[in-house]
Amino acid sequence: MPTASPQLDVLYTREQIAERVAAMGAEISRDYHGQHIILVGVLKGAAIFLSDLARAVVPDCTFDFVAVSSYGRGQRSSGAVKVIKDLDHSIEGRHVILVEDILDTGLTLTYLRNMLLHQKPASLKIAALLDKPARRLQKIEADYVGFTLPNLFVVGYGMDYAERYRNLQEIRLMSPNDPE
Ligand code: IMP
(Lines give C-alpha, C1' and ligand atoms only; values in the text may rest on other atoms or scores of the structure.)
Protein backbone atom coordinates (compact mmCIF):
# COMPACT_ATOMS: atom_id res chain seq x y z
CA MET A 1 0.00 0.00 0.00
CA PRO A 2 1.53 3.38 -0.96
CA THR A 3 2.22 5.96 1.77
CA ALA A 4 2.13 8.94 -0.60
CA SER A 5 0.22 9.64 -3.78
CA PRO A 6 1.99 12.16 -5.95
CA GLN A 7 -0.45 11.35 -8.78
CA LEU A 8 -3.28 13.07 -6.91
CA ASP A 9 -3.31 16.82 -7.56
CA VAL A 10 -2.80 19.09 -4.55
CA LEU A 11 -5.81 21.29 -3.77
CA TYR A 12 -4.48 22.86 -0.55
CA THR A 13 -0.86 22.76 0.57
CA ARG A 14 0.35 22.20 4.13
CA GLU A 15 1.00 25.93 4.41
CA GLN A 16 -2.47 26.91 3.20
CA ILE A 17 -4.09 24.47 5.63
CA ALA A 18 -1.93 25.68 8.54
CA GLU A 19 -2.82 29.30 7.77
CA ARG A 20 -6.58 28.63 7.72
CA VAL A 21 -6.50 26.44 10.84
CA ALA A 22 -4.56 29.15 12.70
CA ALA A 23 -7.13 31.74 11.62
CA MET A 24 -10.00 29.51 12.75
CA GLY A 25 -8.25 28.97 16.09
CA ALA A 26 -7.82 32.72 16.52
CA GLU A 27 -11.51 33.32 15.78
CA ILE A 28 -12.56 30.64 18.27
CA SER A 29 -10.17 32.08 20.87
CA ARG A 30 -11.77 35.51 20.52
CA ASP A 31 -15.32 34.11 20.71
CA TYR A 32 -14.67 31.93 23.78
CA HIS A 33 -12.29 34.21 25.68
CA GLY A 34 -12.18 33.16 29.35
CA GLN A 35 -14.44 30.15 28.84
CA HIS A 36 -13.88 26.41 28.82
CA ILE A 37 -14.63 24.61 25.54
CA ILE A 38 -15.25 20.95 24.79
CA LEU A 39 -14.08 20.07 21.29
CA VAL A 40 -16.04 17.07 20.01
CA GLY A 41 -14.27 15.49 17.04
CA VAL A 42 -16.03 13.26 14.54
CA LEU A 43 -13.86 10.19 13.97
CA LYS A 44 -11.92 9.40 12.01
CA GLY A 45 -11.79 12.18 9.44
CA ALA A 46 -11.57 15.11 11.87
CA ALA A 47 -8.80 13.65 14.06
CA ILE A 48 -5.92 15.48 12.38
CA PHE A 49 -7.86 18.71 11.99
CA LEU A 50 -8.91 18.63 15.65
CA SER A 51 -5.37 18.05 16.84
CA ASP A 52 -4.11 21.09 14.91
CA LEU A 53 -7.13 23.27 15.71
CA ALA A 54 -6.89 22.52 19.42
CA ARG A 55 -3.32 23.78 19.46
CA ALA A 56 -4.41 27.00 17.74
CA VAL A 57 -7.07 27.62 20.41
CA VAL A 58 -6.03 29.65 23.47
CA PRO A 59 -8.96 29.07 25.89
CA ASP A 60 -8.89 26.02 28.13
CA CYS A 61 -10.34 23.06 26.22
CA THR A 62 -10.91 19.33 26.55
CA PHE A 63 -11.58 16.75 23.84
CA ASP A 64 -14.23 14.15 23.27
CA PHE A 65 -14.95 12.07 20.17
CA VAL A 66 -17.93 10.52 18.46
CA ALA A 67 -17.85 8.08 15.56
CA VAL A 68 -20.55 7.54 12.99
CA SER A 69 -20.92 5.20 10.05
CA SER A 70 -19.53 6.89 6.96
CA TYR A 71 -18.93 6.48 3.28
CA GLY A 72 -17.70 2.89 3.42
CA ARG A 73 -15.58 2.02 0.43
CA GLY A 74 -16.88 4.49 -2.12
CA GLN A 75 -17.23 8.19 -2.84
CA ARG A 76 -20.97 8.27 -2.26
CA SER A 77 -22.80 8.61 1.04
CA SER A 78 -25.26 5.92 2.01
CA GLY A 79 -27.35 8.64 3.64
CA ALA A 80 -27.65 6.56 6.77
CA VAL A 81 -26.04 7.86 9.96
CA LYS A 82 -25.35 5.40 12.72
CA VAL A 83 -23.50 6.20 15.93
CA ILE A 84 -20.63 3.78 16.49
CA LYS A 85 -19.05 5.65 19.40
CA ASP A 86 -20.91 8.03 21.71
CA LEU A 87 -19.47 10.79 23.93
CA ASP A 88 -17.42 9.68 26.93
CA HIS A 89 -18.56 12.57 29.15
CA SER A 90 -21.70 14.63 29.66
CA ILE A 91 -21.79 17.96 27.85
CA GLU A 92 -24.73 19.36 29.83
CA GLY A 93 -24.20 23.04 30.57
CA ARG A 94 -20.90 23.13 28.67
CA HIS A 95 -19.71 25.09 25.64
CA VAL A 96 -19.25 22.61 22.82
CA ILE A 97 -17.73 22.88 19.36
CA LEU A 98 -18.45 19.98 17.04
CA VAL A 99 -15.34 19.51 14.88
CA GLU A 100 -15.82 17.86 11.49
CA ASP A 101 -13.60 17.44 8.45
CA ILE A 102 -16.24 18.08 5.76
CA LEU A 103 -19.74 19.47 5.73
CA ASP A 104 -21.11 17.81 2.62
CA THR A 105 -24.79 16.76 2.39
CA GLY A 106 -25.17 17.83 6.02
CA LEU A 107 -26.80 14.55 7.06
CA THR A 108 -24.05 13.64 9.53
CA LEU A 109 -23.82 17.00 11.26
CA THR A 110 -27.58 17.48 11.39
CA TYR A 111 -27.89 14.13 13.13
CA LEU A 112 -24.99 14.80 15.50
CA ARG A 113 -26.11 18.35 16.28
CA ASN A 114 -29.56 17.10 17.31
CA MET A 115 -28.00 14.30 19.31
CA LEU A 116 -25.76 16.74 21.21
CA LEU A 117 -28.50 19.35 21.69
CA HIS A 118 -30.48 16.65 23.46
CA GLN A 119 -27.85 16.79 26.23
CA LYS A 120 -28.49 20.51 26.76
CA PRO A 121 -25.05 22.06 26.28
CA ALA A 122 -24.71 25.77 27.22
CA SER A 123 -23.85 26.40 23.56
CA LEU A 124 -23.10 24.35 20.47
CA LYS A 125 -21.18 25.51 17.41
CA ILE A 126 -19.73 23.71 14.42
CA ALA A 127 -16.20 23.95 13.00
CA ALA A 128 -15.74 22.33 9.59
CA LEU A 129 -12.44 22.36 7.76
CA LEU A 130 -14.18 22.04 4.39
CA ASP A 131 -17.63 23.07 3.27
CA LYS A 132 -19.28 21.83 0.07
CA PRO A 133 -22.52 23.89 0.04
CA ALA A 134 -23.57 22.67 -3.42
CA ARG A 135 -24.04 19.15 -2.05
CA ARG A 136 -26.29 20.08 0.87
CA LEU A 137 -29.43 17.99 1.50
CA GLN A 138 -30.05 19.36 5.01
CA LYS A 139 -30.20 23.04 5.91
CA ILE A 140 -27.16 23.36 8.15
CA GLU A 141 -24.16 25.72 8.21
CA ALA A 142 -20.88 25.66 10.10
CA ASP A 143 -19.94 28.57 12.37
CA TYR A 144 -16.26 28.23 11.50
CA VAL A 145 -15.18 27.11 8.01
CA GLY A 146 -11.68 26.53 6.67
CA PHE A 147 -12.30 26.34 2.93
CA THR A 148 -15.43 26.37 0.80
CA LEU A 149 -15.17 24.17 -2.27
CA PRO A 150 -17.35 22.98 -5.14
CA ASN A 151 -18.44 19.39 -5.62
CA LEU A 152 -15.01 17.73 -5.55
CA PHE A 153 -13.91 14.61 -3.71
CA VAL A 154 -10.80 15.18 -1.64
CA VAL A 155 -8.45 13.08 0.46
CA GLY A 156 -5.58 13.71 2.87
CA TYR A 157 -5.16 15.58 6.17
CA GLY A 158 -7.38 12.97 7.84
CA MET A 159 -9.81 12.47 4.97
CA ASP A 160 -10.03 9.13 3.23
CA TYR A 161 -11.12 7.22 0.22
CA ALA A 162 -11.97 3.69 1.42
CA GLU A 163 -9.78 4.33 4.51
CA ARG A 164 -6.73 5.29 2.42
CA TYR A 165 -4.84 8.57 2.10
CA ARG A 166 -5.65 9.92 5.58
CA ASN A 167 -1.94 10.46 6.27
CA LEU A 168 -1.28 12.73 3.28
CA GLN A 169 -0.08 16.10 4.54
CA GLU A 170 -1.89 18.08 1.84
CA ILE A 171 -5.53 18.01 0.78
CA ARG A 172 -5.54 16.34 -2.62
CA LEU A 173 -8.14 15.84 -5.32
CA MET A 174 -9.51 12.43 -6.09
CA SER A 175 -11.15 12.17 -9.50
CA PRO A 176 -13.50 9.35 -10.52
CA ASN A 177 -10.74 8.08 -12.85
CA ASP A 178 -8.20 7.60 -10.07
CA PRO A 179 -7.35 3.97 -9.29
CA GLU A 180 -8.84 2.56 -6.07
P1 IMP B 1 -22.34 14.45 5.05
O2 IMP B 1 -23.17 13.72 6.03
O3 IMP B 1 -22.73 14.17 3.63
O4 IMP B 1 -22.23 15.94 5.29
O5 IMP B 1 -20.94 13.78 5.10
C6 IMP B 1 -19.90 14.21 5.83
C7 IMP B 1 -18.85 13.14 5.80
O8 IMP B 1 -18.73 12.54 4.51
C9 IMP B 1 -17.51 13.73 6.08
O10 IMP B 1 -17.26 13.79 7.43
C11 IMP B 1 -16.59 12.77 5.37
O12 IMP B 1 -16.31 11.67 6.21
C13 IMP B 1 -17.38 12.28 4.20
N14 IMP B 1 -17.01 13.02 2.98
C15 IMP B 1 -17.75 13.92 2.31
N16 IMP B 1 -17.08 14.41 1.27
C17 IMP B 1 -15.86 13.82 1.30
C18 IMP B 1 -14.68 13.96 0.49
O19 IMP B 1 -14.59 14.75 -0.47
N20 IMP B 1 -13.63 13.18 0.86
C21 IMP B 1 -13.66 12.34 1.92
N22 IMP B 1 -14.73 12.19 2.70
C23 IMP B 1 -15.82 12.93 2.40
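The values are calculated or read from the model by the stated rules, or taken from the named source; none is laboratory data. What you see is a predicted model, and the numbers here were worked out from it, not measured in a lab. Cβ: placed from backbone, ideal geometry, glycine included. Neighbour counts: every protein chain shown. Accessible surface areas use protein heavy atoms only, side chains included; no ligands, DNA or RNA. Shrake-Rupley method; radii C 1.70, N 1.55, O 1.52, S 1.80 Å.
Assuming 0.36 nm per residue, please report the length gained on full extension of the stretch Met115 to Lys82 beyond their Cα-Cα distance.
Working: separation 33, 0.36 × 33 = 11.88 nm, distance 1.14 nm.
Here the answer is 10.7 nm.
How much length is gained if the chain between Ser123 and His36 is pulled fully straight, taking 0.36 nm per residue apart and subtracting their Cα-Cα distance, in nm to one decimal?
30.2 nm
Under a plain spin-label model, where a point goes 7 Å from the Cα along Cα-to-Cβ, how far apart in nm are Glu92 and Lys139?
3.1
What is the spin-label model distance, in nm, from Ala47 to Thr148 if the labels are put 7 Å beyond Cα along the C-beta direction?
3.1
Straight-line reach from Lys44: which lysines fall under 24 Å, measuring Cα to Cα and dropping same-chain residues less than 8 apart?
Lys82, Lys85, Lys125, Lys132, Lys139
Ordering Leu152, Leu53, Leu137 by how much accessible area each has at a 1.4 Å probe, largest first, what is the list? Before the final figure, lay out the partial values.
Values: Leu152 60, Leu53 0, Leu137 130 Å².
These residues rank, largest area first, as Leu137, Leu152, Leu53.
What does the net charge come to around Ala142 if you take all other residues with beta carbon closer than 9 Å to its beta carbon, with K and R at +1 and D and E at -1?
Computed value for this residue: -3.
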